[in-house]
Amino acid sequence: MAARRALIEIVALHVSPVHAFEGRPPDGPRPDPGPVSRDHVVVRAGLGIVGDRYFNHPAHRNAAVTFIAAESLAAWPVDPLVARRNVVVRGFDVDSLPRGAVFGLDSGDGVVRFEVHRPASPCAWMDQVIAPGAFRALCGRGGIRCVPLDDGVLRTGKPALAIVSA
């Protein structure tokens, strides 16, 4: 299959050293020890995003970096980082990518490739942190979990090139 290319936008980048969605959703998420929004992130092949809770975590090596389409969250006036996906993109339907697909993003520092491993299914927390009904509405649109294939940098704030070879 020939590679498809599209100009997209990296809307937001999320990095947190802690897992906030623990316990019961009505009790609220665990607070982050610091800001989670980044203007750029450093990606390491096979390991994830430097500083993130899943970086070099053996149980999450094939799911270390999560992506979600901003369009999936457009029904609610919320900060796109509330879904706690690492990379929020606009103009790129990440949920349509099949398992095993490889795609690359170039936000100005060179292409960083990712391999899709599984959906990033939403959880009951979405009803708490977004709005009632968000959990059900995001089923099939909650994003994807990937393993990075290259070292590199991703940045927000300017067009990015998405290259997909499924």
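The values are calculated or read from the model by the stated rules, or taken from the named source; none is laboratory data. Please read all numbers here as calculations on a predicted model, not as lab measurements. Positions of Cβ are backbone-derived with ideal geometry, glycine not excepted, and every protein chain shown enters the neighbour counts. Accessible surface areas use protein heavy atoms only, side chains included; no ligands, DNA or RNA. Shrake-Rupley method; radii C 1.70, N 1.55, O 1.52, S 1.80 Å.
Residues being more than 17 Å from Ala12 (Cα to Cα) and in contact (Cβ under 8 Å) with a residue 12 or more places away in the chain: count how many of those fall in segment 130-140.
So in segment 130-140, the residues more than 17 Å from Ala12 (Cα to Cα) come out as 131-140.
Of the ones still in play, those that are also in contact (Cβ under 8 Å) with a residue 12 or more places away in the chain are 131, 134-135, 137-140.
Counting residues in segment 130-140 that are more than 17 Å from Ala12 (Cα to Cα) and in contact (Cβ under 8 Å) with a residue 12 or more places away in the chain gives 7.
Say we look at segment 42-90 and pick out the residues that are surrounded by fewer than 18 Cβ atoms within 10 Å (Cβ to Cβ) and acidic (Asp, Glu); which of these is modelled with the highest pLDDT?
Glu71
I'd like the full set of residues that are open to solvent by 20 Å² or more (accessible area, probe 1.4 Å) and in contact with a Leu (Cβ under 8 Å, 6 or more places away or on another chain), limited to segment 126-140.
Ile130
Since Ser16 meets every condition but one in (1) exposed (fewer than 14 other Cβ atoms within 10 Å of the Cβ); (2) outside any helix (DSSP H, G or I), which condition does it not meet?
So the condition that Ser16 fails would be (1).
Within segment 129-137, can one find any residue that is over 12 Å from the mean Cα position of the chain (by Cα), farther than 19 Å from Asp95 by Cβ and either among the aliphatic types (A, V, I, L, M) or not in a loop (DSSP other than H, G, I, E, B) (or both)? Show your work before the answer.
Residues of segment 129-137 over 12 Å from the mean Cα position of the chain (by Cα): 129-137.
If we keep only those that are farther than 19 Å from Asp95 by Cβ as well, we get 129, 131-132.
Narrowing the set further to residues that are either among the aliphatic types (A, V, I, L, M) or not in a loop (DSSP other than H, G, I, E, B) (or both) leaves 129, 131.
Within segment 129-137 (the criterion being over 12 Å from the mean Cα position of the chain (by Cα), farther than 19 Å from Asp95 by Cβ and either among the aliphatic types (A, V, I, L, M) or not in a loop (DSSP other than H, G, I, E, B) (or both)), the answer is yes, since at least one residue qualifies.
Output the residues belonging to segment 20-71 that are on the phi > 0 side of the Ramachandran plot, part of a loop (DSSP other than H, G, I, E, B) and touching a residue at least 60 places away in the same chain (Cβ under 8 Å).
Of everything in segment 20-71, those that are on the phi > 0 side of the Ramachandran plot, part of a loop (DSSP other than H, G, I, E, B) and touching a residue at least 60 places away in the same chain (Cβ under 8 Å) turn out to be Gly28, Gly46.
How many of the residues making up segment 101-125 are open to solvent by less than 40 Å² (accessible area, probe 1.4 Å), outside any strand (DSSP E or B) and touching a residue at least 40 places away in the same chain (Cβ under 8 Å)?
Within segment 101-125, the subset open to solvent by less than 40 Å² (accessible area, probe 1.4 Å) is 101-105, 107, 110, 112, 114, 116, 120, 122, 125.
Subset that is outside any strand (DSSP E or B): 101, 107, 110, 120, 122, 125.
Pick out the ones that are also touching a residue at least 40 places away in the same chain (Cβ under 8 Å) and you get 101, 107, 110, 120, 125.
Total satisfying the criteria: 5.
Kindly indicate whether any position in segment 35-47 is under 19 Å from Leu97 (Cα atoms) and in contact with a His (Cβ under 6 Å, 6 or more places away or on another chain). Spell out the reasoning first.
Restricting attention to segment 35-47, the residues satisfying the condition of being under 19 Å from Leu97 (Cα atoms) are none.
The answer is no, given that none of the residues of segment 35-47 is under 19 Å from Leu97 (Cα atoms) and in contact with a His (Cβ under 6 Å, 6 or more places away or on another chain).
Given the criterion in contact with a Lys or Arg (Cβ under 6 Å, 6 or more places away or on another chain) and either under 20 Å from Val65 (Cα atoms) or open to solvent by 60 Å² or more (accessible area, probe 1.4 Å) (or both), identify the matching residue among Gly152, Gly143. Outline the logic, then answer.
Values: Gly152 fails: in contact with a Lys or Arg (Cβ under 6 Å, 6 or more places away or on another chain).
Matching residue, one of Gly152, Gly143: Gly143.
Only one of Ala83, Ala74 is over 16 Å from Lys158 (Cα atoms) and in contact (Cβ under 8 Å) with a residue 60 or more places away in the chain; which?
Ala83
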